[in-house]
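J.: Could you have a look at this structure, given as structure tokens, before my questions?
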Amino acid sequence: MKHNNVLPNQHFRKGWQLRVKTWFDQPGAKKTRRVNRVKKAALIAPRPVDGLLRPAVRAPTVRYNNKLRAGRGFSLDELKAAGINRKEARSIGISVDHRRKNRSVEGLQANAERLSEYKSKLILFPRKLNRAKKADSDKALLAVATQVAVSSVFPITQTANADVKRKIEGAVEANAYHTLRMARSDKKLKGKREARAKAAAEEEKAKSK
């Protein structure tokens with residue numbers, strides 16, 4: 001062995017074939033998930049296939065709060081504004097989050113309207129078909145009821161940006177960039193302009209003589 005080189009210490013006998021990960025079951029797993037979704041939809045019918053109604057909430061932090069997304073559950077204030085009992089809500093397919101607080105009036109009103117719209121389209125089946133209660137839907141509605149997805153019937157749409165440029169009355173139209181560039185140029189050319197003006201004045205004085 002000569003010089004200050006790295007000692008040969010190659011590891012070629014790792015048995016890497018034993019640790020290769022494959023996904024040959026991907027098509028079969030896809031089919032299994034689809035079959036399970038169909039089974040679950042049939043099991044919970046006529047309730048919605050994608051579960052409970054969720055509120056429209058703002059994501060936290062300044063980076064993401066311009067986007068609306070589905071939240072965990074409706075706050076107690078939102079349920080109160082829509083006239084829905086907190087215990088009744090879960091039984092009619094509405095998610096409830098007792099820890100959530102409303103930070104804005106707009107968010108509270110939007111979710112209260114979402115609940116009211118859901119309530120107007122809700123078809124309530126009786127627990128026992130031969131014993132219908134007062135709050136249950138009539139037989140004509142029960143006959144035409146179909147299983148739907150809550151997310152498609154009540155989608156969460158992004159609101160348009162309302163922050164438009166406002167014209168301030170009585171303000172002078174000024175361009176800050178142009179003003180700064182002109183001031184920089186005036187400072188730079190001040191000496192040359194003064195010298196030029198002085199030379200022109202001396203030339204006029206010489207002509208007058």
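The values are calculated or read from the model by the stated rules, or taken from the named source; none is laboratory data. Remember, predicted model here, so these are calculated numbers, not experimental data. Here Cβ is always computed from backbone atoms with ideal geometry, including for glycine, and neighbour counts include all displayed protein chains. Note: areas computed on protein heavy atoms with side chains; ligands, DNA, RNA excluded. Shrake-Rupley method; radii C 1.70, N 1.55, O 1.52, S 1.80 Å.
J.: Looking at ALA81 and the list (1) under 23 Å from ALA135 (Cα atoms); (2) open to solvent by less than 40 Å² (accessible area, probe 1.4 Å), which single condition is not satisfied?
T.: (2)
J.: Select from segment 139-152 the residues that are more than 24 Å from ASP77 (Cβ to Cβ) and either open to solvent by 90 Å² or more (accessible area, probe 1.4 Å) or among the hydrophobic types (A, V, I, L, M, F, W, C) (or both) and list them in ascending order.
T.: If the condition is that a residue be more than 24 Å from ASP77 (Cβ to Cβ) and either open to solvent by 90 Å² or more (accessible area, probe 1.4 Å) or among the hydrophobic types (A, V, I, L, M, F, W, C) (or both), then LYS139, ALA140, LEU141, LEU142, ALA143, VAL144, ALA145, THR146, VAL148, ALA149 are the ones that fit.
J.: Kindly establish whether LYS2 is more than 30 Å from ARG114 (Cβ to Cβ) and either out of contact with any Phe, Trp or Tyr (no Cβ under 8 Å at 6 or more places or on another chain) or surrounded by 10 or more Cβ atoms within 10 Å (Cβ to Cβ) (or both).
T.: The answer is yes for LYS2.
J.: Within the group ALA135, ALA162, which residue is open to solvent by less than 90 Å² (accessible area, probe 1.4 Å), outside any helix (DSSP H, G or I) and within 25 Å of LEU76 (Cβ to Cβ)? So that I can check it myself, show each step before the final result.
T.: Values: ALA162 fails: within 25 Å of LEU76 (Cβ to Cβ).
Being open to solvent by less than 90 Å² (accessible area, probe 1.4 Å), outside any helix (DSSP H, G or I) and within 25 Å of LEU76 (Cβ to Cβ) holds for just one of ALA135, ALA162, which is ALA135.
J.: Shifting gears a bit: Exactly one of these conditions fails for GLN109: (1) open to solvent by 80 Å² or more (accessible area, probe 1.4 Å); (2) among the polar types (S, T, N, Q); (3) free of Cβ contacts under 8 Å to residues at least 12 places away in the same chain. Give me its number.
T.: (3)
J.: How many of the residues in segment 138-159 are part of a helix (DSSP H, G or I) and either at pLDDT below 90 or over 19 Å from GLY93 (Cβ atoms) (or both)?
T.: Qualifying residue count, segment 138-159: 6.
J.: Go through (1) of a type outside the set (A, V, I, L, M, F, W, C); (2) open to solvent by 40 Å² or more (accessible area, probe 1.4 Å); (3) closer than 29 Å to ALA145 by Cα for GLY71 and report which single condition fails.
T.: Every condition holds for GLY71 apart from (2).
J.: Right, next: Can you tell me how many residues within segment 8-59 are farther than 30 Å from SER91 by Cα, aliphatic (A, V, I, L, M) and at pLDDT 95 or above?
T.: Count: 1.
J.: From the residues in segment 92-114 that are within 22 Å of PRO46 (Cβ to Cβ) and assigned to a loop (DSSP other than H, G, I, E, B), which one is modelled with the highest pLDDT?
T.: Among those residues, the one meeting the criterion is SER95.
J.: Test VAL96 against the stated conditions and say whether it is of a type in the set (A, V, I, L, M, F, W, C), out of contact with any Asp or Glu (no Cβ under 7 Å at 6 or more places or on another chain) and either closer than 22 Å to THR159 by Cα or exposed (fewer than 15 other Cβ atoms within 10 Å of the Cβ) (or both).
T.: Criteria not met by VAL96.
J.: When the residues of segment 39-53 are narrowed to those that are in contact with a helix residue (DSSP H, G or I) (Cβ under 8 Å, 6 or more places away or on another chain) and closer than 15 Å to LEU122 by Cα, which ends up most open to solvent (accessible area, probe 1.4 Å)?
T.: Within segment 39-53, the match that is most open to solvent (accessible area, probe 1.4 Å) is VAL49.
J.: Further, regarding this structure: For TYR177, are the conditions met, namely being surrounded by fewer than 13 Cβ atoms within 10 Å (Cβ to Cβ) and of a type in the set (Phe, Trp, Tyr)?
T.: So TYR177 fits the description; yes.
J.: List pairs: first in segment 1-22 and touching a residue at least 24 places away in the same chain (Cβ under 8 Å) and assigned to a loop (DSSP other than H, G, I, E, B), second among the β-branched types (Val, Ile, Thr) and open to solvent by 100 Å² or more (accessible area, probe 1.4 Å), Cβ under 9 Å, 6+ apart or cross-chain?
T.: none
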